[in-house]
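Worksheet: the structure to be examined is printed underneath.
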Amino acid sequence: EARRFATAAAILGDGADQRDVALLAEIDDRQLSTLAATWLARADLLRVSTPTVEFVHPVVQAAVYESIQPAQRLLAHRRAAEILDTAQEEPERVAAHLDLVPPAGDPFVVETLRIAADRALVRGAPEVAVRYLRRALAEPPMEETRVDTLRELGLAEQRVDVPSAAEHLREALAQTTEPLRHARLALEL
């Protein structure tokens, strides 16, 4: 259990909620989870300050993280995103995990990345928004949300990569048949 707990903590990163770490580690018993966390703290691997968990040193976290098989790591990041989403964590925390999983045509991934990108733009981080929206396009989005995703990406890219912005807005414009929407996209382009 302690090994699974440490692995889950490495996936979720510093500041993770102990409850979320236990869920990802698939430790259902609260006492067993607390015991695993306590044992890792006594071994000077983790600092447990209720309710959060963090590694004592980034090197320790990196070593534990790198010990996870790549395929297991991808599955763990996908599961971590679900756990954080269920716990109603900020979309950016969820998106950070989804950004690491391979594209699979999952609407949850697209929607979460779009929300996180919007919040990143509001916070003044257009580079992050562009990364999330490019990843959402790679998922790929369903047909009904593809044009919106292209538009959002083009508008975000206007702040960091004008040629790419024009390309994505042109692509969105070409896929739009509704006259009012077409006109708005043409103006944005």
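The values are calculated or read from the model by the stated rules, or taken from the named source; none is laboratory data. A quick note: this is a predicted structure, and the numbers were derived from the prediction, not measured. Heads up, the Cβs are rebuilt from the backbone with ideal geometry, glycines too, and the neighbour counts pull from every protein chain shown. Note: accessible area is taken over every heavy atom of the protein model, side chains too, but ligands, DNA and RNA are not part of it. Shrake-Rupley method; radii C 1.70, N 1.55, O 1.52, S 1.80 Å.
Heavy-atom accessible area, probed at 1.4 angstrom with all protein chains present, ranks V147, V162 as V162, V147, highest first.
In order along region 28-44, the phi-based Karplus estimate (6.51 cos²θ - 1.76 cosθ + 1.60, θ = phi - 60°) of 3J(HN,Hα) comes to 7, 7, 4, 5, 5, 4, 5, 4, 4, 5, 5, 4, 5, 5, 5, 7, 6 Hz; Gly and Pro are listed as x. Each Lys or Arg adds one and each Asp or Glu subtracts one; over the other residues with Cβ under 15 Å from the Cβ of L169, this totals 0. Ranking F55, H168, L100 by Cα position along the charge dipole of the chain, where only Lys, Arg, Asp and Glu carry charges on their C-beta atoms, puts F55 farthest toward the positive end.
Summing -39500 (n - 2.57) over the DSSP H runs of n ≥ 4 in the chain and dividing by its residue number, what mean residue ellipticity at 222 nm do you reach, to the nearest 500 deg cm²/dmol? If you can, show how the numbers build up before the last one.
Working: 11 runs with 132 residues, N = 189.
-21500 deg cm²/dmol, from helical runs alone.
Positive contributions from Lys and Arg (+1) and negative ones from Asp and Glu (-1), summed over other residues with Cβ under 14 Å from the Cβ of T38, come out at 0. Ranking A117, A36, L46 by how far each Cα lies toward the positive end of the dipole of the chain (charges on Cβ) leaves L46 at the top.
Only four residue types carry charge here, +1 at the Cβ of Lys and Arg and -1 at the Cβ of Asp and Glu. Report the dipole size of region 88-171 about the Cα centre in Debye, rounded to the nearest 20. Present the calculation step by step, with values, prior to reporting the outcome.
Details: 11 positive and 17 negative charges, 46 e Å.
Result for region 88-171 is approximately 220 debye, rounded to the nearest 20.
Computed over protein heavy atoms with a 1.4 Å probe, the accessible surface of the chain works out to 55 Å² per residue.
How big is D for the chain, in µm² s⁻¹ as a whole number, if Stokes-Einstein is applied with the Kirkwood radius of its Cα pairs at 25 °C and 0.890 mPa s? Reported coefficient: 136 µm²/s.
Leaving out ligands, DNA and RNA, and with a 1.4 Å probe, what % of the accessible surface on the chain is carbon or sulfur? Mind dumping the intermediate values first?
Working: 5650 of 10410 Å².
Of all accessible area on the chain, carbon and sulfur atoms account for 54 percent.
Here region 132-146 and region 10-31 have alpha carbon centers that stand 30 Å from each other.
For T52, the amide hydrogen comes within under 5 Å of the amide hydrogens of Q18, counting only partners 5 or more places away or on other chains and with H modelled in the peptide plane. Sorted on the mean count of surrounding Cβ atoms within 10 Å across their residues, most packed first, peptides 13-25, 45-57 read 13-25, 45-57. For the chain, the dipole from Cβ point charges (+1 on Lys and Arg, -1 on Asp and Glu) about the Cα centre works out to 260 debye, to the nearest 20.
Sorting V59, V109, V160, V122 by solvent-accessible area of protein heavy atoms yields V122, V59, V160, V109, largest first, with a 1.4 Å probe.
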